[in-house]
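The values are calculated or read from the model by the stated rules, or taken from the named source; none is laboratory data. All values derive from a computational prediction rather than experimental measurement. Neighbour counts run over all protein chains shown; Cβ positions are idealised from the backbone, glycine included.
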């Protein structure tokens, strides 16, 4: 506690270089976004000048941009001047023990098979014993350092590895890429930075570590992963445990750079609060994720299991620049009740003999709307490019919607582009058939949904595949009468 | 001796329309009953009501299954208690392999009986053994349930599932429809192999043909929601010769 207040004091009392004179209480800015707010954030994070200049440029660009209206989602207009863009990471008073935590949440943890210690961590229970994870964390850190792998918060990377951040930040998702990316660039709070040196194969799933490390990164997260030549890294973001947050709007940016012969595998399990059955209070998730296969024979693979959020707007994409590079996108997006998801990918073929594979599995239940939106673009120079896309929709009940918007732009005659799509429905007939074989309705839905999503779940790191499987079933509980 | 199934004055229908108008039927252990009748007489409705399909409403009467109130049980409970319906139109479930589906099903039944789930190796060898009954190829196990199966393959898969689940009462709803003579022989062979003195079978069929292979102890004729005639296997032969019209005429007089 003493240490915390010392940190707070230090942050609050440091001189403010940019003449920002408003009487601000230590840990919260007033609502709204101005250039001064951007300066304040940068100052709080003790950023160098170039970073501030970068943020301010993004802010200027953002001012002239408009919110996209093309996604197939509806929500009340967001007033961006009503949002608080900085709150210092002050610790909230957590529950003293698991007994004080919402029993419904705990029941979900049990169903997911999350260990007790991790449950405590996730619910913010004050832990007085030295948690195993601390030593685990240290062990990881030693191992990574030995190999020259950099894995740290983005804010630390800006201070400790400015040459790398400066070179790569915004190189895949430019500040003016889209409205939310510009906003993120101006005000991003924190995130993760990963650098894998040449020829190094990261020996652990960065997931394990990340799970312990990833809380409170805020609503504008920024992640940058660089895999240098011939390296490999598998990174897992998110958590199967339900995530609640007071911030309704989340606008993250993730950039991946794979150099020659490098491979990045990026997996996401997203289970943010989707709102109640009437759709009130859920999180709006507007994310920009993009990777570039910069070098020859490099590979980027996105796998996502999306079950949460009231609105999901995200298109993890790959720019296939290096010859013979490979881009993959595996997605399961579940919407239930009033959730809306507009998600998919973009595969941009530039290099010769580049290959991409898209497997999208949408599952809609309740009154939800689930859209796949994907673009496969083959440039004129991309000789011998190949794409295979498969977009499947599964409907549970008859009041939900599934939509597919595949776009193909092929400018090279040697390209091979395949697209397959199916729509199926879990109707009364199938459920009754399962019932008649002794399988109750909820188990039947779980069985069918997991069978349907298997191809994508198989892409996840083992430990998460099992949890994600359970998560799918839980997300759809009560979806059939 | 407790009958396996005791139906008394059962009436049931769909959306206000009464289809079963008072069925009474007793099925004892070891027996095979055939229920025949023209289209629309209520044969498939009876099968659906016994299995608990939600579209149908029971408006009167009782059904006792091994001494328990069947109508009080959810469809999955009926299955776990040992009631099996071979569907006239088996559904396709993409993405769920036949093996995985059956493993889930068999283990649900075992759980209900207080047994441990079957170990994977034991389960696999049991499946291999039972598939032989209906001459099904092992490659079906890894294929999605009924997905892309021919009509005959689907029906054989039903009997294979029956062999795996070892029901107390099997209701075969027009299992012969759409089968060629070879498939019919295979399916019937499977059913016969599963007959025992402690279980019973109800064969619902339109044609006498199946009964050449599965020889019933009792034949019932269903007409207009009622059992209008019961007899031995020779009744089926008589129907084959004379059609249903004479029964319709007689029952019209009686009514």
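Which of the residues spanning region B:82-103 are under 27 Å from residue A:455 (Cβ atoms) and either within 9 Å of chain A (Cβ to nearest Cβ) or in contact with a strand residue (DSSP E or B) (Cβ under 8 Å, 6 or more places away or on another chain) (or both)?
Result: B:90, B:91, B:92, B:93, B:94, B:95, B:96, B:97, B:98, B:100, B:101, B:102.
For the subset of region A:295-307 comprising residues that are crowded, with 24+ Cβ neighbours inside 10 Å and over 11 Å from the mean Cα position of the chain (by Cα), which member is nearest to residue A:267 (Cα to Cα)?
The residue in question is A:300.
Among residues belonging to region A:431-449 that are within 28 Å of the chain's Cα centre (by Cα) and either facing chain B (nearest Cβ under 8 Å) or in contact (Cβ under 8 Å) with a residue 40 or more places away in the chain (or both), point out the one that is surrounded by the fewest Cβ atoms within 10 Å (Cβ to Cβ).
A:447
Restricting to region B:58-77, name every residue that is facing chain A (nearest Cβ under 8 Å) and under 23 Å from residue B:159 (Cβ atoms).
Correct list: B:75, B:76.
If residue A:419 satisfies every condition in (1) modelled with pLDDT of 90 or more; (2) within 11 Å of another protein chain (Cβ to nearest Cβ) but one, which is the exception?
(2)
Would you mind stating whether residue B:106 is closer than 15 Å to residue A:447 by Cα, over 21 Å from the mean Cα position of the chain (by Cα), within 14 Å of chain A (Cβ to nearest Cβ) and crowded, with 21+ Cβ neighbours inside 10 Å?
When the stated conditions are applied, residue B:106 does not pass them.
Of the numbered conditions (1) more than 8 Å from chain A (Cβ to nearest Cβ); (2) in contact with a helix residue (DSSP H, G or I) (Cβ under 8 Å, 6 or more places away or on another chain); (3) free of Cβ contacts under 8 Å to residues at least 40 places away in the same chain, residue B:38 satisfies every one except a single condition; which is it?
(3)
State all residues of region A:139-158 that are crowded, with 18+ Cβ neighbours inside 10 Å and part of a helix (DSSP H, G or I); if no residue qualifies, say none.
Passing the criteria: A:140, A:144, A:154, A:155, A:157, A:158.
Conditions tested, residue by residue: (1) touching a helix residue (DSSP H, G or I) at 6+ places or on another chain (Cβ under 9 Å); (2) closer than 17 Å to residue A:266 by Cβ.
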residue: A:324; (1), (2): no, no
residue: A:334; (1), (2): yes, no
residue: A:357; (1), (2): no, yes
residue: A:362; (1), (2): no, no
residue: A:366; (1), (2): no, no
residue: A:400; (1), (2): no, no
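Restricting the search to region A:349-367, which residues are surrounded by fewer than 24 Cβ atoms within 10 Å (Cβ to Cβ) and either touching a strand residue (DSSP E or B) at 6+ places or on another chain (Cβ under 7 Å) or closer than 23 Å to residue A:402 by Cβ (or both)?
Passing the criteria: A:350, A:355, A:357, A:359, A:366, A:367.
Run down A:476, A:460 and say which single residue is more than 8 Å from chain B (Cβ to nearest Cβ), closer than 30 Å to residue B:73 by Cα, buried (at least 21 other Cβ atoms within 10 Å of the Cβ) and touching a residue at least 24 places away in the same chain (Cβ under 8 Å).
Of the residues listed, the single one that is more than 8 Å from chain B (Cβ to nearest Cβ), closer than 30 Å to residue B:73 by Cα, buried (at least 21 other Cβ atoms within 10 Å of the Cβ) and touching a residue at least 24 places away in the same chain (Cβ under 8 Å) is A:476.
Looking for whichever is farther than 25 Å from residue B:86 by Cβ, more than 8 Å from chain B (Cβ to nearest Cβ) and surrounded by fewer than 15 Cβ atoms within 10 Å (Cβ to Cβ) here; the options are A:467, A:409. Which one fits?
None of the others qualify; the one that does is A:409.
Is it fair to say residue B:156 is more than 8 Å from every other protein chain (Cβ to nearest Cβ), farther than 30 Å from residue B:1 by Cβ, buried (at least 19 other Cβ atoms within 10 Å of the Cβ) and at pLDDT below 95?
Values: more than 8 Å from every other protein chain (Cβ to nearest Cβ): yes; farther than 30 Å from residue B:1 by Cβ: yes; buried (at least 19 other Cβ atoms within 10 Å of the Cβ): yes; at pLDDT below 95: yes.
So residue B:156 fits the description; yes.
For region B:62-93, how many residues meet the condition of being over 19 Å from the mean Cα position of the chain (by Cα) and crowded, with 17+ Cβ neighbours inside 10 Å?
1
From the residues in region B:109-126 that are within 11 Å of another protein chain (Cβ to nearest Cβ) and surrounded by fewer than 15 Cβ atoms within 10 Å (Cβ to Cβ), which one is nearest to residue B:66 (Cα to Cα)?
The selected residue is B:113.
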